[in-house]
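Bear in mind these aren't lab numbers, they're just calculated from the coordinates by the rules spelled out. Since this is a predicted model, take the numbers as computed values, not measurements. Quick reminder, even Gly has a Cβ in these numbers, built from the backbone with ideal geometry, and neighbours come from all protein chains shown.
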């Protein structure tokens, strides 16, 4: 799904993606974005960070509150630190600027769909610096992690780093189905609804 308040830009994105990515819908403000995401449950939402009625962060938070499991890839003209950090803190899996090529955008969409984190080195530096120096980061709570088995903790850390199930399976020498089982157990034990919530939970506790 493409969320941007400029119709010409949305059309341009569709043209660049061609038949390589199926675009199920479009939206131009916060309310319509949330409604369309609830309707279609897309694998990936291309999300502008500034919308006429609010921000990309508001869309992410509203969708998360509704319990919809989707992946957000911010696509913006802005490369300001505060914009990047704001949507990543909210749960976006990636952030790219509108200077990106069509081929690069397709690759970024597919990577985010598969659970990867997509940031250019410069933007990744913004995010790392923000989390490293955040005075608001919550302490690591032993009670939370004590609910997990050692293997579930390993899976949690890999998920927090943005690895796909396939990559985690390869790194831990277990099957993808086993990874999925552990991931489901982690979500259940931590009372989280989806991977976006897990990413925010892990980031707040500096689990990487």
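Descriptive notes on the structure:
- The residues 156, 110, 73, when put in order of fewest to most other Cβ atoms within 10 Å, stand as 110, 73, 156.
- Cα centroid of region 73-100 to Cα centroid of region 168-208, whole Å: 23 Å
- Cβ-derived FRET efficiency at R0 35 Å, residue 145 paired with residue 78, nearest 0.05: 0.45
- Neighbour-count order for 116, 103, fewest beta carbons within 10 angstrom listed first: 103, 116
- Estimated [θ] at 222 nm from DSSP helical runs (n ≥ 4, -39500 (n - 2.57)) normalised by residues in the chain, nearest 500: -16000 deg cm²/dmol
- 0 to 90° range, to nearest 10: angle between helix 176-189 axis and the chain longest Cα axis: 80 degrees
- Estimated FRET transfer efficiency (residue 31, residue 110; beta-carbon r; R0 30 Å; 0.05): 0.55
- The ellipsoid that matches the Cα gyration tensor of the chain has semi-axes, each √(5λ) in whole angstrom, of 28, 19, 16, with the longest given first.
- Axis angle, to the nearest 10 degrees, between helix 195-204 and the longest C-alpha principal axis of the chain: 70 degrees.
- Residues residue 161 and residue 53, FRET efficiency given R0 of 30 Å [Cβ-Cβ distance, rounded to 0.05]: 0.35
- The angle between the Cα long axis of helix 150-160 and the longest principal axis of the Cα atoms of the chain comes to about 20 degrees, rounded to the nearest 10.
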